[in-house]
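Written out below as structure tokens is the structure these notes cover.
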Amino acid sequence: MVLPSTKSDGYGNTAPDEGKDQADGLPVLKDGLPVLKDGLPVQKDGLPVLNIAAYRFVAIHDRERLRDQWLEQCLALSIKGTILIAPEGINLFLAGPAASIETWLESLQGDQRFAGLEAKYSWSQHQGFARMRVRLKAEIIRMNKPDIAPAAGRAPWVSAQTLARWLDQGHDDEGRALVMLDTRNAFEVDYGTFNGAVSYDLKQFSDFPKAIQMHRQAFEGKTVVSFCTGGIRCEKAGLFMQAIGMKHCYQLDGGILKYFETVGQRHYQGSCFVFDQREALDPALKALSD
């Protein structure tokens, strides 16, 4: 089961995740958002399909074995979706009955490399995937910058609650102007983004390094918070910005989906595109296709 963690928000604060109560050792989200009860996320609005998204940057040397094992498990549990496995880690998007998802997560977290893996939950009326795929890739999110290795250490990050507070006050806690940097592709940005966010009309994420190098001077003296759907792109974007000497740069921990879970719509316009048949989620995590 997914256990709550105590961690720093990347801005010098170390505490259990804000916006969560503790009940029987499991995280409980407020304001009608997904909660865990008796090991299972509580069904929202009677919706039957539980969707999860998660990733972990960690060295993997047994990709073929994991591929075969996870495909067999997911098929047996009537789970559909996609799992990407690369030498640098895993990235997954799965959907199915809640009990099946929780069973698979428990099995996954039995492997020490994935212990404590935190998933982002949402519910839908319909299954968003046509089949189950487990694919071997060179990178779980392609940047074509082999020196950027999140498994060796994360870039600084801020929690959704800290970001919302900064946006409320119009600056960070040191008084610097705040810039939201959208690292997603252009068609994703068209569905929705944070108010006033900067984006670069990207066709693919591997275009980000060139784009940020061309515009880095525009961020001097400001605090930059990069964001994406679930956080994985910003794990690399944040490290790359550090590598080229940019200062006061943070990534939004858990991305837009985590922000929706814990904050909601505040400071965000529109929906968030997702790569399955749900198409996009609104700030209440409701699928546009339902």
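Numbers at a glance
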read-out: Of residues in the range 257-279 being in a helix (DSSP H, G or I) and touching a residue at least 40 places away in the same chain (Cβ under 8 Å), the one farthest from Lys222 (Cα to Cα); value: Glu261
read-out: Number of the condition not met by Asp290 [criteria: (1) charged (D, E, K, R); (2) surrounded by fewer than 22 Cβ atoms within 10 Å (Cβ to Cβ); (3) in contact (Cβ under 8 Å) with a residue 60 or more places away in the chain; (4) over 20 Å from Gly81 (Cα atoms)]; value: (4)
read-out: Residue in the range 121-128 that is touching a residue at least 40 places away in the same chain (Cβ under 8 Å), within 25 Å of Phe208 (Cβ to Cβ) and in contact with a strand residue (DSSP E or B) (Cβ under 6 Å, 6 or more places away or on another chain) present; value: no
read-out: Residues of the range 221-249 that turn out to be closer than 14 Å to Ala197 by Cα and assigned to a strand (DSSP E or B), as a count; value: 5
read-out: Leading residue by the ranking (surrounded by the fewest Cβ atoms within 10 Å (Cβ to Cβ)) among those in the range 186-218 that are touching a Phe, Trp or Tyr at 6+ places or on another chain (Cβ under 7 Å), in a strand (DSSP E or B) and of a type outside the set (A, V, I, L, M); value: Gly192
read-out: So Met214, is it farther than 24 Å from Lys120 by Cβ and out of contact with any His (no Cβ under 9 Å at 6 or more places or on another chain); value: yes
read-out: Residues of the range 96-124 that turn out to be in contact with a Ser or Thr (Cβ under 7 Å, 6 or more places away or on another chain) and within 16 Å of Asp276 (Cβ to Cβ), as a count; value: 1
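Residues checked against (1) assigned to a strand (DSSP E or B); (2) at pLDDT 95 or above:
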site: Gln22; (1), (2): yes, no
site: Asp31; (1), (2): no, no
site: Gln43; (1), (2): no, no
site: His61; (1), (2): no, yes
site: Arg67; (1), (2): no, yes
site: Trp70; (1), (2): no, yes
site: Phe93; (1), (2): yes, yes
site: Thr103; (1), (2): no, yes
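The values are calculated or read from the model by the stated rules, or taken from the named source; none is laboratory data. Please read these numbers as outputs of a predicted model, since none were measured by experiment. Neighbour counts are summed over all protein chains in view; Cβ atoms, including those assigned to glycine, are modelled from backbone coordinates with ideal geometry.
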